[in-house]
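Scroll down for the structure; my scribbles are underneath it.
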Amino acid sequence: MSPAPSLSRDLAPDLSLGLAALRDGITAGDIAERVDFAPGVSLIADAPLGVGGTWRSPAGRLLELDISMTGRGSWIALHLALELPDLADTAFIGFGCTGVGPAQQIIRPCLRSGLGDGGFVDCFLDRHILTRPDAVAHVDALHVPTCRPLPEIAPWRELLLFLPPEPLRWHLHDLRIFAA
């Protein structure tokens, strides 16, 4: 009898350390066009948005974001770096998270894969995260074999959480990434 396939593996040791540091520590700072919260965890915004605000990471939670904007722009996203160059033996890539927000807003999860020519391909997951005043769990996954634009081999990959390009308050309590 052959061994059972692995149910999950560590997709990003650096990201795991970064998420653990945020979850276990107490830190805070200002929101800017680019903020590196921890290894493998960044917020990057379209410059015309004119983002500002504050962030903090209280013990036991990942991030509390309070983002303001003075301009108009197209995108802002939380970037989570993955160490998953080869998807040959992967059927699913996904994540689970919990969080709250005072208003209902939509966050769009996406798997971004780098291309050899310096470009990238985005594969959006089917379900959006909906922020709400009460804590809500969200789980979603991509079925790798049926996600057509997803390259099997990529020099880099990231899980992106595209935030709405408008003022946002969101407390991300927990986030776990998996592959099987």
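The values are calculated or read from the model by the stated rules, or taken from the named source; none is laboratory data. Note that the structure is a prediction, hence the values are computed from the model and not measured. Positions of Cβ are backbone-derived with ideal geometry, glycine not excepted, and every protein chain shown enters the neighbour counts.
A few points about this structure:
Condition check ((1) aromatic (F, W, Y); (2) assigned to a strand (DSSP E or B); (3) within 14 Å of the chain's Cα centre (by Cα)) across all residues:
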position	(1), (2), (3)
G18	no, no, yes
A21	no, no, no
G29	no, yes, no
A32	no, no, no
F37	yes, yes, yes
L43	no, yes, yes
G53	no, yes, no
R56	no, yes, no
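- Residue within region 54-67 that is without any contact (Cβ under 8 Å) to a residue 12 or more places away in the chain and surrounded by fewer than 21 Cβ atoms within 10 Å (Cβ to Cβ) present: no
- Residue match in region 109-125 (condition: touching a residue at least 60 places away in the same chain (Cβ under 8 Å), out of contact with any Ser or Thr (no Cβ under 7 Å at 6 or more places or on another chain) and over 22 Å from V35 (Cβ atoms)): no
- Region 39-91, residues that are on the phi > 0 side of the Ramachandran plot and either in contact with a helix residue (DSSP H, G or I) (Cβ under 8 Å, 6 or more places away or on another chain) or hydroxyl-bearing (S, T, Y) (or both): G40, G60
- Pair list, Cβ < 6 Å and 6+ apart or interchain, from region 147-173 residues that are more than 17 Å from G73 (Cβ to Cβ) to residues that are hydroxyl-bearing (S, T, Y) and in a loop (DSSP other than H, G, I, E, B): W170/T131
- Single unsatisfied condition, L84 versus (1) surrounded by 18 or more Cβ atoms within 10 Å (Cβ to Cβ); (2) under 16 Å from L161 (Cα atoms): (2)
- Matching entry among G101, G96, G18, G114 (being at pLDDT 90 or above, closer than 22 Å to I177 by Cβ and either among the acidic types (D, E) or buried (at least 18 other Cβ atoms within 10 Å of the Cβ) (or both)): G101
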